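The values are calculated or read from the model by the stated rules, or taken from the named source; none is laboratory data. These numbers come from a predicted model, not from an experiment. We place every Cβ from the backbone using ideal geometry, glycine too, and count neighbours over all the protein chains shown. Quick note on the areas: whole protein, heavy atoms, side chains included, nothing else; ligands and nucleic acids left out. Shrake-Rupley method; radii C 1.70, N 1.55, O 1.52, S 1.80 Å.
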Amino acid sequence: MTSPLIDKLVDIKGVESNYIDAWGKPEIVKQQSKRKLLSAMGYQVDDEESLIAQVETEFQQIWMSPLNPVQVNRDTDELFITVRLPIELVNDDFVIAIDCEDKSTLQQKFVPIDGDLINATIIEDIEFQEYLIKLNHSLPLGYHQLKLLADDGDQIAAMRMIMAPSSCYHPQSILDGRKVWGLSVQLYCLRSENNWGVGDFSDLAQLIASAAKNGAQFIGLNPIHALYPANPDACSPYGPSSRRWLNFIYLDVTAIDGYNCPDVQELVNNAEFQSRLDHVRSLEYVDYEAVTQLKLGALERVFDNQNSHFLSKNTKQNKAFKQFVKEGGDSLQMLATYDALQEHLANQGKPSWGWPVFPKEYADFQSPAVSKFVKKNAKRVKFYLFLQWQAALQLEAANQVATQNNMSIGIYRDLAVGVSEGSAEIWGNKDLYCTDASVGAPPDVLGPLGQNWGLPPMDPEKLYHQQYQPIIDLFDSNMRSAGALRIDHVMALLRLWWVAKGDNAKDGGYVYYPVDDLLGILALESQRHQSLVIGEDLGTVPEEIRSKLADNGVYSYRVFFFEQAKDGGFYSPSDYPVQSMSTLTTHDMPTLSGYWHCHDLELGKELGLYPTEEILSGLYASRHSNKQQILNSLHGHHAIPEWMDRQVDHLGMSKELNYDMQVHMATGSSALLSLQLEDWLQMDKPVNIPGIFKEYPNWKRKLNQDLEQIFSDPDIVLLAKKLTKARDNAK
């Protein structure tokens, strides 16, 4: 069916028909792709009669609702609301009552017809009119409840009123012109003398203290969202189970009260346990299955000790635990229930990778069978609640180390763009997600065939009708225990590339989101948490989002290797926007050494990433040209010694070239400079190869040195001093 109704629906639902690709060329979204995306939103596109009925029902629901679900305003805006009523009521007296977040109450009497008539329609022979009503009160920043009352005080409707600041938070030192540097690290990659085969929150605290003493002002992390305790090899931090909660694997078991009790010590000092522990520590890659078994085994005994001595009595610990659980609400209960249920099914040998394969009675969190499971397995659910509590405590302890060391930013966290299809987050709120589609990217430099990330998108309209609470919760939870938040694929605030299930990634289309509302909420949460915000704006980025982000105080993300002019030359870091975070490489790219020696291209060939030799030859040629341009730029800025060869054919990557490139970046104009710890250690293997699943051990490669060794290296200490000096002198 190719009716005008579908074309109209495409426009109304924000499905884009045209876009500009990563190479600046106009592209047209296929008609079939747009139909499939509407279908993923729940529209009966193959049945015209049903589709007409759906659209008519939605239309009537809007007009039968006197108020919108939610409205986001900036503190500089004049305040108006729209009110929809049958014509026979528009001459009546009404009251607007606003319950402010600070517990104050404001009221305003009005008659609808005194406002501006902006729309009207007929539904079942009754005329409805929509009026624009000006509010006479100014509102404080925050989340408020606006109620429409009849003259006798009866409530007719209610909506959420969100008052947001004009910009995200900026630390005063950054506003004063200070330029800082910090390290980015994949937390699981950290090696130390004490961790259990995976980096943990105690390692993070140690890294923060050491880096701060050497001039760093922040430590950037991978997403530390909750993954899957019963499916540990689903280890991608960008395909989590819940973005509101933490990955328990980062717990330092030895730092939890109760670790020294006899039962726990009996287990961990056992010869077999110690042998397994030594093994996972020695590996070059994280063995998530083995580490999870070790940690869960010890944590179960720690919990049993805490549960019997503290968490079942009127103790200080139990009060704190109960408060944490209360504040976590349904979201925390849902995750703990999911983890316990998934584990239960896995132990029985039943399909358990995610809720789509759970037995039918467990397919919904709100089902009676799930409630029965929770009652029957209350202790196990409590165990997973306990793990989240301890993770939050340990993360905050690391955050306090940053504060104590006077870091201007401290920890900066990373918010993934979505959750995986089988996640707890979707299980608990299926209405919000379109599970017949996935988020991805159209063809671009990083993915010439397009990308499908396997992450079902939120339905923008359902998000609106849920009064934006899911996005508020995400921003709020991910700004805790941190001084900054990086938003992965920040273009998602404006639009997301949706791919219908079963389709090729290149056959998707963009769906637009209420960007101004989402940026307002982001600014509000940023100011509340005093959290600087960085937006990862790589790939196919319309200029409108970059300017919007800048106007809203979001820091751009500038990667040196992507900052290339049309003539092939690389822009000087001194030309980057001040309101940006610059970096040499990212977790999705080869390391500096790997890039220079083309290890990524060699690896790609081994993995079959390049369909033809011609494509691979072109990539090698492009790499050679880019390296020469980089070398020309470094010499032109006197960033490397004169004795270094000017021809890339004769110059391999050395420690001196590596470190000089990092110092060159530190002279740039970006307020923030992030450097990868892997590059400090001159590592050549990447931590992730985009688009690869089992062919390469993504998200597993550890650092090649223990934390205790890194900052005892005089060359690294000297590099840190040079970075600090260059940042202090940068303009």
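At-a-glance table
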item	result
Close pairs (9 angstrom Cβ cut-off, 6 or more residues apart or separate chains): of a type in the set (Lys, Arg) in segment 65-86, open to solvent by 40 Å² or more (accessible area, probe 1.4 Å) and assigned to a strand (DSSP E or B) anywhere	Arg84/Asn119
In segment 1-21, the residues that are in a loop (DSSP other than H, G, I, E, B), of a type outside the set (Ser, Thr, Tyr) and open to solvent by 40 Å² or more (accessible area, probe 1.4 Å)	Met1
Residues that are within 18 Å of Pro457 (Cα to Cα) and either free of Cβ contacts under 8 Å to residues at least 24 places away in the same chain or open to solvent by 20 Å² or more (accessible area, probe 1.4 Å) (or both), drawn from segment 238-253	Tyr238, Arg244
Per-region count, segment 260-269, residues polar (S, T, N, Q) and either touching a Gly at 6+ places or on another chain (Cβ under 6 Å) or open to solvent by 70 Å² or more (accessible area, probe 1.4 Å) (or both)	2
Pick from segment 6-24, criterion of a type outside the set (Asp, Glu) and at pLDDT below 90, ranking: farthest from Phe562 (Cα to Cα)	Ile20
Test: residue in segment 481-491 that is without any contact (Cβ under 8 Å) to a residue 60 or more places away in the chain, surrounded by 24 or more Cβ atoms within 10 Å (Cβ to Cβ) and not in a strand (DSSP E or B)	yes
Single match in Phe303, Phe324 (criterion: out of contact with any Asp or Glu (no Cβ under 9 Å at 6 or more places or on another chain) and surrounded by fewer than 20 Cβ atoms within 10 Å (Cβ to Cβ))	Phe324
Test result for Asn698, closer than 21 Å to Thr586 by Cβ, among the polar types (S, T, N, Q) and surrounded by fewer than 17 Cβ atoms within 10 Å (Cβ to Cβ)	no
Residues of segment 580-615 satisfying the condition of being buried (at least 16 other Cβ atoms within 10 Å of the Cβ) and under 22 Å from Lys566 (Cα atoms)	Ser580, Ser582, Thr583, Leu584, Thr585, Met589, Tyr595, Trp596
Residue check, Gln317 polar (S, T, N, Q), open to solvent by 20 Å² or more (accessible area, probe 1.4 Å), without any contact (Cβ under 8 Å) to a residue 40 or more places away in the chain and over 15 Å from Tyr384 (Cα atoms)	no
Residue match in segment 467-478 (condition: on the phi < 0 side of the Ramachandran plot, surrounded by fewer than 21 Cβ atoms within 10 Å (Cβ to Cβ) and part of a loop (DSSP other than H, G, I, E, B))	no
Ser420 being open to solvent by 20 Å² or more (accessible area, probe 1.4 Å) and in a loop (DSSP other than H, G, I, E, B)	yes
Some residue of segment 106-114 being in a loop (DSSP other than H, G, I, E, B), closer than 28 Å to Ser438 by Cα and hydrophobic (A, V, I, L, M, F, W, C)	no
Within segment 22-46, tally of residues that are closer than 26 Å to Glu544 by Cα and outside any helix (DSSP H, G or I)	10
Condition check for Ala550: open to solvent by 40 Å² or more (accessible area, probe 1.4 Å) and either on the phi > 0 side of the Ramachandran plot or free of Cβ contacts under 8 Å to residues at least 60 places away in the same chain (or both)	yes
Residue count for segment 115-137, restricted to those that are touching a residue at least 24 places away in the same chain (Cβ under 8 Å) and either open to solvent by less than 30 Å² (accessible area, probe 1.4 Å) or not in a strand (DSSP E or B) (or both)	11
Scope segment 594-639; condition without any contact (Cβ under 8 Å) to a residue 12 or more places away in the chain, within 24 Å of Phe693 (Cα to Cα) and hydrophobic (A, V, I, L, M, F, W, C); matching residues	Ile615
Scan of segment 65-105 for residues that are under 30 Å from Gly553 (Cα atoms) and part of a strand (DSSP E or B), ordered by number	Val70, Gln71, Val72, Asn73, Arg74, Phe80, Ile81, Thr82, Ile98, Asp99
Check on Leu463, open to solvent by less than 20 Å² (accessible area, probe 1.4 Å) and either touching a residue at least 40 places away in the same chain (Cβ under 8 Å) or part of a helix (DSSP H, G or I) (or both)	yes
Residue selected from segment 282-292 under the condition among the hydroxyl-bearing types (Ser, Thr, Tyr) and under 20 Å from Asn231 (Cα atoms), by the criterion most open to solvent (accessible area, probe 1.4 Å)	Tyr285
Test: residue in segment 390-403 that is open to solvent by less than 10 Å² (accessible area, probe 1.4 Å), touching a helix residue (DSSP H, G or I) at 6+ places or on another chain (Cβ under 9 Å) and over 27 Å from Ala234 (Cβ atoms)	yes
Residue that is modelled with the highest pLDDT, among those in segment 423-460 that are open to solvent by 50 Å² or more (accessible area, probe 1.4 Å), hydrophobic (A, V, I, L, M, F, W, C) and farther than 24 Å from Tyr228 by Cα	Leu449
Selection status of Lys295, within 32 Å of the chain's Cα centre (by Cα), closer than 21 Å to Gln394 by Cα and open to solvent by 80 Å² or more (accessible area, probe 1.4 Å)	no
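To keep it simple, each residue is scored yes or no on (1) modelled with pLDDT under 95; (2) part of a helix (DSSP H, G or I); (3) under 15 Å from Gly568 (Cα atoms); (4) touching a strand residue (DSSP E or B) at 6+ places or on another chain (Cβ under 6 Å).
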site: Pro590; (1), (2), (3), (4): no, no, no, no
site: Lys605; (1), (2), (3), (4): yes, yes, no, no
site: Gly608; (1), (2), (3), (4): yes, no, no, no
site: Glu614; (1), (2), (3), (4): yes, yes, no, no
site: Ala621; (1), (2), (3), (4): no, yes, yes, no
site: Gln629; (1), (2), (3), (4): no, yes, yes, yes
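Yes/no per residue for (1) among the hydroxyl-bearing types (Ser, Thr, Tyr); (2) in contact (Cβ under 8 Å) with a residue 60 or more places away in the chain; (3) part of a helix (DSSP H, G or I); (4) touching a Leu at 6+ places or on another chain (Cβ under 9 Å):
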residue: Gln662; (1), (2), (3), (4): no, yes, yes, yes
residue: Ser670; (1), (2), (3), (4): yes, yes, no, no
residue: Ser674; (1), (2), (3), (4): yes, yes, no, yes
residue: Asp679; (1), (2), (3), (4): no, yes, yes, yes
residue: Gln682; (1), (2), (3), (4): no, yes, no, yes
residue: Val687; (1), (2), (3), (4): no, yes, no, no
residue: Glu695; (1), (2), (3), (4): no, yes, no, yes
residue: Gln709; (1), (2), (3), (4): no, no, yes, no
residue: Lys725; (1), (2), (3), (4): no, no, yes, no
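Listed here are the residues, each with its yes/no results for (1) surrounded by 20 or more Cβ atoms within 10 Å (Cβ to Cβ); (2) in contact with a Ser or Thr (Cβ under 9 Å, 6 or more places away or on another chain); (3) on the phi > 0 side of the Ramachandran plot.
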position	(1), (2), (3)
Gly328	yes, no, no
Gln333	no, no, no
Ala340	yes, no, no
Pro351	no, no, no
Phe365	yes, yes, no
Pro368	no, no, no
